[in-house]
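Structure first, commentary second.
The values are calculated or read from the model by the stated rules, or taken from the named source; none is laboratory data. What you are looking at is a predicted structure, and each value in this text was computed from that prediction instead of being measured. Here Cβ is always computed from backbone atoms with ideal geometry, including for glycine, and neighbour counts include all displayed protein chains.
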Ligand SMILES: CC(C)(COP(=O)(O)OP(=O)(O)OC[C@H]1O[C@@H](n2cnc3c(N)ncnc32)[C@H](O)[C@@H]1OP(=O)(O)O)[C@@H](O)C(=O)NCCC(=O)NCCS
């Protein structure tokens, strides 16, 4: 059992940051981003990759309300991913399911179709995870990725996530059971990587 040596302040999720990298900039997502983000909700392959069972009808009003209220959430962080070269919004990254007692969050990411495979997801992941550890003082960030999504898994590994185990038959997609892999990164691992990269 590792000691708890953190003196991190209570996380302020209302402080919505702008985080800049070489390829992407992350900034607070707003209702104005809905047109750019709509392909995430309309694309069947994106629904499969994220395991999103919908009821067949896209409720745009509900989606607009959702993004209109992200700026006032005090227990989660929703950031738009903006591609540096074009200024286009190409997706979102989220720290959610905050567990204050255990200083942990879940992480999720989704880019719009057409923006995959250019390193944007890996960098966006690194940026928000770094914020989670450095500014929010989290200890653990975890995620789940389905077995049919090796691209996402690879991006998470590049950002430092480590495989913990498998949730068997976690998703039933069009009649087929699919496993989910649980991955996580811990604060000491992140800071070690940072130190090694800066060395
Ligand atoms: C998952 C996602 C965020 C990754 O972001 P991305 O910008 O596409 O990923 P990156 O370009 O940073 O990295 C992808 C890596 O996977 C590799 N890869 C791509 N397809 C692969 C495959 N079929 N098998 C193994 N590796 C694969 C790429 O080669 C790259 O690794 P490399 O740099 O070592 O060559 C993005 O693709 C996405 O949003 N997809 C749709 C929604 C989704 O899957 N969300 C995640 C749900 S858990």
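Being touching a helix residue (DSSP H, G or I) at 6+ places or on another chain (Cβ under 7 Å) and crowded, with 17+ Cβ neighbours inside 10 Å is the filter here; which residues of region 153-170 pass it?
Of everything in region 153-170, those that are touching a helix residue (DSSP H, G or I) at 6+ places or on another chain (Cβ under 7 Å) and crowded, with 17+ Cβ neighbours inside 10 Å turn out to be 155, 156, 159, 160.
Can residue 36 be described as within 14 Å of the chain's Cα centre (by Cα), over 24 Å from residue 178 (Cβ atoms) and within 16 Å of the ligand (Cβ to nearest atom)?
No: the conditions fail for residue 36.
Mind checking whether some residue in region 58-78 is modelled with pLDDT under 95, surrounded by fewer than 21 Cβ atoms within 10 Å (Cβ to Cβ) and in a loop (DSSP other than H, G, I, E, B)?
Taking every residue of region 58-78 in turn, at least one turns out to be modelled with pLDDT under 95, surrounded by fewer than 21 Cβ atoms within 10 Å (Cβ to Cβ) and in a loop (DSSP other than H, G, I, E, B).
Listed here are the residues, each with its yes/no results for (1) touching a helix residue (DSSP H, G or I) at 6+ places or on another chain (Cβ under 9 Å); (2) part of a strand (DSSP E or B); (3) modelled with pLDDT of 95 or more.
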site: 108; (1), (2), (3): yes, yes, yes
site: 123; (1), (2), (3): no, no, yes
site: 137; (1), (2), (3): yes, no, yes
site: 190; (1), (2), (3): yes, no, yes
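Which condition breaks for residue 150 when tested against (1) out of contact with any strand residue (DSSP E or B) (no Cβ under 9 Å at 6 or more places or on another chain); (2) more than 6 Å from the ligand (Cβ to nearest atom); (3) free of Cβ contacts under 8 Å to residues at least 12 places away in the same chain?
Result: residue 150 passes all but (2).
How many of the residues in region 61-90 are within 16 Å of the ligand (Cβ to nearest atom) and either touching a helix residue (DSSP H, G or I) at 6+ places or on another chain (Cβ under 7 Å) or within 18 Å of residue 141 (Cβ to Cβ) (or both)?
8
List pairs: first in region 43-55 and under 19 Å from residue 154 (Cα atoms), second more than 9 Å from the ligand (Cβ to nearest atom), Cβ under 6 Å, 6+ apart or cross-chain?
Every condition considered, the pairs that remain are 51/171.
Which one of 91, 132 is farther than 27 Å from residue 42 by Cα and surrounded by 19 or more Cβ atoms within 10 Å (Cβ to Cβ)?
132
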